[in-house]
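Rule-based calculations on the coordinates, nothing more; no lab input. Quick caveat: nothing in here was measured; it's all calculated off a predicted structure. Methodologically, a virtual Cβ is constructed for each residue, glycine included, from the backbone with ideal geometry; neighbour enumeration extends over all protein chains shown.
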Amino acid sequence: MLSEFMTIPAVYMRGGTSKGVYLMTKDLPADPKLRDQVILDIYGSPDARQINGMGGADPLTSKVALLAVSERPGVDIDYTFGYVGIKDAVVDYDGNCGNISSGVGVFAIRRGLVKAVEPVTKVVIFNTNTGKIIEALIPVKDGEVVFEGDFAIAGVPGTGARIVMNFPNSAGSRTGKLLPTGKVRDTIILADGRSIEVSLVDAANPAVFFKATDIGLTGTELPDDCEKNPDILAIMEDIRRSAGVMMGLAASKDKVGPAVPKVAFVAVAQDYLTSDGAMIVGNRVDLLARTKAMTEMHKTYAVTGGICIATAAMIDGTVVNELCSTRAKNSGEVLIGHPSGILEIFVEVRKNPDHGWDLAKAGVCRTARPIMDGEVHASRKAFQSQHSHMETPGSVYP
């Protein structure tokens, strides 16, 4: 009987190369643990297939956006991003997702939370995960959001209308510093005793970068290549957890959350085949990068991660700067070669005589597409759960 379920207004939407359920916080329980239990029920978690819910059994499709009309001056929407655990009963709020962010302005306009203004509506978003502002420029015609267009992004079939996402003042998203340790390079000792040079940068999301060649890779590897070699994932996780402690995100490696910091290996621009078998010629990109999405290799490259790596490319002395093309360093436009194609990021990084470097601005272009408007059914038991089987979230809900 449907009386066994609660119905919650929802939009299922693709934002960039991710998709998820967009919900209003007012439609969810106020208690954080109870709210997370309802979200897990909506997604069908924990279950490797997420067969009983909206989750797509993939880190890129197990994401949630929680939205509210903002009471902050000059801000339209408060937005919280969550990674919804697939095999684990946890919703992690440690970082933001730039792709899901690109759907927030679309949601706000379509729901009448922000007035549609032609030809472009600016939606000012406050991301609670990072405490930072995001500006979304949404194309509008005849009072409606425009979705059809000729802009293409790697990892999404076809084309769509271009959404411009600006991330002003995105430095120090979690640590308060663009360079959390104050250095452009640090050394991490791996579990097997080897040492490796890394660069720790915090822009849009904190991340740690290292050279692919330092662990015997070329940088052209695809997700399947890495998934078949568990040593690669183990080394990346080892580096990521060590970096989390060095950044001050956790007191010990075992306390580092699964979402941040991000970790990526980078390489010089070179020819490579995408996951779809398309050839990317080396002179079309400025560097190659591969990153993780929670416990799996990312099939594309995260927007916030792209902002961070592009920022690192502009800072003299980082491992990313060493490998990045001169063209990118001179222009501030960084073309990142990832497993599905190319991600284009615009950044402006300036030297600061007082504290080294400032990230003046960062931006990226995305597309979005609503897939479903309606209601999701959540078990009444989820609303009444005592949370006895839930794990501790990666961070407290912002």
Quiz item: Based on the Cβ-Cβ distance of Phe147 and Ala278, what FRET efficiency does E = 1/(1 + (r/R0)^6) give at R0 = 35 Å, to the nearest 0.05?
Solution: 0.90
Quiz item: Taking the alpha carbon gyration tensor of the stretch 186-361, what are the square roots of 5 times its eigenvalues, largest first, to the nearest whole Å?
Solution: 22, 22, 13
Quiz prompt | Percent breakdown of C-alpha pair distances by 10 Å bin, ordered from the shortest bin, for the chain | solution = 5, 24, 34, 26, 10, 1, 0
Quiz item: Cα centroid distance between the stretch 177-192 and the stretch 261-278, in Å?
Solution: 22 Å
Practice problem: Determine ³J(HN,Hα), in whole Hz, for all residues of the stretch 34-43 in sequence, where each value follows from phi through the Karplus function 6.51 cos²θ - 1.76 cosθ + 1.60 and θ = phi - 60°; x replaces Gly and Pro. | Solution: 5, 4, 5, 5, 5, 4, 4, 5, 4, 8
Quiz item: Per the Debye formula with a single identical scatterer at each Cα and no solvent contribution, what log10 I(q)/I(0) holds for the stretch 259-332 at q = 0.12, 0.14 Å⁻¹?
Solution: -0.33, -0.45
Quiz item: For the stretch 226-235, in order, what is each residue's ³J(HN,Hα) by Karplus, 6.51 cos²θ - 1.76 cosθ + 1.60 with θ = phi - 60°, in whole Hz (x at glycine and Pro)?
Solution: 6, 5, 6, 10, x, 4, 5, 5, 5, 5
Quiz item: Where does the chain land at 222 nm, in deg cm²/dmol rounded to the nearest 500, when only DSSP H runs of n ≥ 4 count, each adding -39500 (n - 2.57), divided by all residues?
Solution: -5000 deg cm²/dmol
Self-check item: Amide H contacts of Asp271 (H built 1.01 Å from N, under 5 Å, at least 5 apart or other chain)
Solution: Gly282
Self-check item: All-pairs alpha carbon distance profile, the stretch 1-86, 5 Å steps from 0, percent
Solution: 3, 14, 24, 25, 18, 10, 4, 2, 1, 0
Quiz prompt | the stretch 305-371: radius of gyration over Cα atoms, expressed as a fraction of 2.2 N^0.38 Å | solution = 1.21
Self-check item: Amide H contacts of Val11 (H built 1.01 Å from N, under 5 Å, at least 5 apart or other chain)
Solution: Tyr22
Quiz prompt | Inter-part distance where the stretch 80-153 and the stretch 25-42 are each reduced to a Cα centre, Å | solution = 20 Å
Self-check item: When the stretch 101-246 is reduced to its Cα atoms, the Kirkwood hydrodynamic radius in Å
Solution: 18.4 Å
Quiz item: Taking R0 as 35 Å, what's the FRET efficiency between Asp225 and Val120 from their Cβ-Cβ distance, rounded to 0.05?
Solution: 0.30
Self-check item: On Cα atoms only, tilt of 303-314 relative to the major axis of the chain in degrees
Solution: 20 degrees
Exercise. List the relative contact order of the chain as a percent without decimals, with contacts defined as Cα pairs under 8 Å and 6+ residues apart.
Key: 21 percent
Quiz prompt | For peptides 160-168, 335-343, sequence by mean Cβ density within 10 Å, most packed first | solution = 335-343, 160-168
Quiz item: Which net charge results when you count Lys and Arg as +1 and Asp and Glu as -1 among the other residues whose beta-carbon is under 12 Å from that of Ile342?
Solution: -2
Exercise. Mind listing the long-range amide H neighbours of Val266? Cut-off is under 5 Å, sequence gap 5 or more, other chains count too, H placed in the peptide plane at 1.01 Å from N.
Key: Phe210, Lys211, Ala212
